[in-house]
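Taken together, the values in this text are just the output of simple stated rules run on the coordinates, not laboratory data. From a predicted model like this one, the values you see are computed outputs, not experimental measurements. All Cβ positions, even for glycine, are placed from backbone atoms using ideal geometry, and neighbour counts span all protein chains on display.
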């Protein structure tokens, strides 16, 4: 037990009394407020306990930040006093709050479930724990006292310096107090960290407790029935603390607690790890599964295990006990030796005593065999244990007073018997037969059934064999299963056309089409086009069109202005095309009589010459006769002479022109020519011609110079 | 695998071609090529764009209503495979399409017939009016009757008559 007890007995008594008072108050308060303490235990919510130095730093820095920092000696004394009193008060309050949270959050061992109380005692030593908390409490009170004293003194401080000194002293003393309790703070922090990692065991729910020697297979069993992943190793004491898992049975959740192995030793010599299991056994109302290794491969013989059993059988009082013989794959139960068998039977006898009074002495539920390696019997063990626990709990509940309230709430209505006739459930014969056959058929089917996996393996494995997905198709004819159906045909989706009565509709369509074609043929025959043109007419029409096209083309050519189209005037007709003969020929080709036109033309051209020849000596009788037979040469000569009908010298003064004499006229002609010369050189048609054909001719505006600049163009 | 219709020009979109656009209201637009896609993005109405089927059907250029169209209908429920039905369908599809093509061609020729009559009338009128442009001696119409003078010798007939009697 605690050795530190002896060092400070008085102190501890004092502390305990204080502690106890506080506990009492708490309980009363809880009772008044009906706080339910039987909740899921979770020690993870305790706030972190800071080490001593850090504690001081936190508080002091907070004081500095949260209180006004500036004070001058010129202020009013009450203001100075207030300033420093505020600081002292603020620090004290913070200390008080923080220490109070520590004290409140750590669980009080007397107030928690005795299982947790004992567990915490086993792990951390109750006295140490209480001492630490007591010290914290004292520190809190001392700080409160300090602050009270100094505040009283500050009320009478007469200068800034004195007030400041008082404040410094107050804070200093508070910090010293904290420094003195820093080992306790460290210890509490360690405890907190450890407690946070304890498994959350609910002491009141259905629990299965697994116990036995080390290495018998308790953790393996735990791994098998729950999702917990406990370490399983060949050395002893692999499990060093309690582990919790959850298993389901009949729609209820069971806690399964795995304990560290227990050795057969006197109570006082047990170490902390074993004490954990003992505590669990002692306080939790659970079904106990005592594990027995009948093969002896854990390193302990059955005799030793039996001895252990008998030494702790007092703990199994009022708990449904199941003895589980593990490792039957190594050593089956039947093949045990005589003495071992006797020991086992003794244990069984003991276990039978723990069967609940109302329950049947079912032999099977007390001693069970299993093997965690082959998983043989594991579920049976779990079921048996759960069943027994459930029975026991139900019985207990039935016996308690609370159940009556529940029972009053529901009522099973039984119909009253009308007469003595027995009315059994009527099951038709066919159903009974079917049931009988179904069992047989199912067996057969299970044996015969070939899985797809087997098929795959036979036919070459995963990459080689591809299962035929069409195997299970339900079609009208099974031969169609492997058919390949075209989805697209000629740019149409086949699926859009699918129709069971498509044949019929197709026939109808064809009939319709036939009718339609007949109608059309009839219509065509009826339509006599009287407006059809004959071959000749077509030819004539094409000629007309050609003619029209020619006219249009000529008109278009004529439409172009003189600027863009050079026109050769008739006087420069070097080919001698425009002759009267030609005119005569063209006129006759058109179907007209050319003689009148030719005469007219001739008469006009010959007009003056005729007169002149008549006035001279009449040699022209010949000319008239050979009218139509003039040679080309003569025509040429004549036509030239026609254009120069009367040649005068240019200087000759004509009376109507207004020149005095030929000199004047010559000068005038010269002046006219001079004025025109420049214009002609510039190829201008007249004075008003200011046309510039190209405004920016490229050769003037482009190009680099080989030397020099191109800054002007 | 299904052949779809282009939303813009109504031509078939084969697998591996075109683009599908899904709008925020979950309407799917399928396009056969980027031409249609780009026209769609420009917000053009296919009913106003001359080369699309929608325009042609709306303006009566192509056949719209016909019994052959009822054979091809999109079914939402898949039918159970039946070999006989499928065989018949596969045989029927080319017939149906052939008939449809014929009818479409007929529709178009009917449409174009009116143009032909007008053309003929125009030609006849032109012939009548503009025949005067050509030189007269070239124009020999079959309707023009040329007078052929046949000299019958009276003496011979008289002699014959006398002989007979």
Query raised in the report: Per residue of B:83-91, what is the mean number of Cβ atoms on other protein chains within 10 angstrom of that residue's Cβ?
Result: 6
**Report entry** Mean Cβ neighbour count within 10 Å, used as a protection proxy, ranking B:64-70, A:150-156 highest first
**Finding:** A:150-156, B:64-70
Query raised in the report: Cα centroid distance between segment B:60-138 and segment A:316-330, in Å?
Result: 96
Query raised in the report: In whole Å, how far is the Cα centre of segment B:1-52 from that of segment A:454-489?
Result: 37
Report summary line: Taking a label point 7 Å from the Cα of residue A:71 along Cα-to-Cβ, the residues of segment A:150-193 whose backbone nitrogen sits under 17 Å from it are A:150-174
Report task. Calculate the spin-label point distance for residue A:155 paired with residue B:120, positioning each point 7 Å from the Cα along the beta-carbon direction, and give it in nanometres. Result -> 13.4
Query - Shielding by partners, peptide B:58-71 (average Cβ within 10 angstrom, other chains) - result: 1
Query - Efficiency of FRET from Cβ geometry, residue A:579 and residue A:660, R₀ 56 Å, rounded to 0.05 - result: 0.75
Query - Förster radius 45 Å - calculated FRET efficiency between residue A:282 and residue A:374, Cβ distance, rounded to 0.05 - result: 0.85
Report summary line: Evaluated at 10 °C and 1.306 mPa s, the Stokes-Einstein D of chain B based on the Kirkwood radius over Cα pairs, in µm²/s, stands at 68
Query - Estimated Rh, segment A:201-324: Kirkwood, alpha-carbon pairs, angstrom - result: 14.5
Query raised in the report: Roughly how crowded by other chains is peptide B:93-103, in terms of the mean Cβ count from those chains within 10 Å of each of its Cβ atoms?
Result: 4
Report task. Compute the Rg/Rh shape ratio of segment A:122-179: radius of gyration over Kirkwood radius, all on alpha-carbon atoms. Result -> 1.24
Requested in this report: Would you mind estimating how fast segment B:1-99 diffuses translationally, via Stokes-Einstein at 4 °C and 1.567 mPa s with the Kirkwood radius over Cα pairs, in µm²/s?
Outcome: 82
Query raised in the report: What spacing in nm lies between the two simple spin-label points modelled at residue A:443 and residue A:406, each 7 Å away from Cα in the Cβ direction?
Result: 4.2
Query raised in the report: Which of the peptides A:242-253, A:67-78 is most tightly packed, and how do the rest follow, going by the mean number of other Cβ atoms within 10 Å of each residue?
Result: A:242-253, A:67-78
Query - Ordering of B:101-108, A:118-125 by burial proxy (mean other Cβ atoms within 10 Å per residue, highest first) - result: A:118-125, B:101-108
Report summary line: The Cα extents of segment A:460-534 along the principal axes, largest first and rounded to whole Å, are 84, 29, 16
Query - Computed FRET value (nearest 0.05) for residue A:189 with residue A:100, which takes r as the C-beta separation and R₀ as 25 Å - result: 0.90
Requested in this report: Quick one: check the C-alpha center-to-center distance for segment A:361-437 versus segment A:276-315, whole angstrom.
Outcome: 30
Report summary line: Of B:53, B:151, B:118, the most mobile residue in a GNM of chain B (C-alpha springs, cutoff 10 Å) is B:151
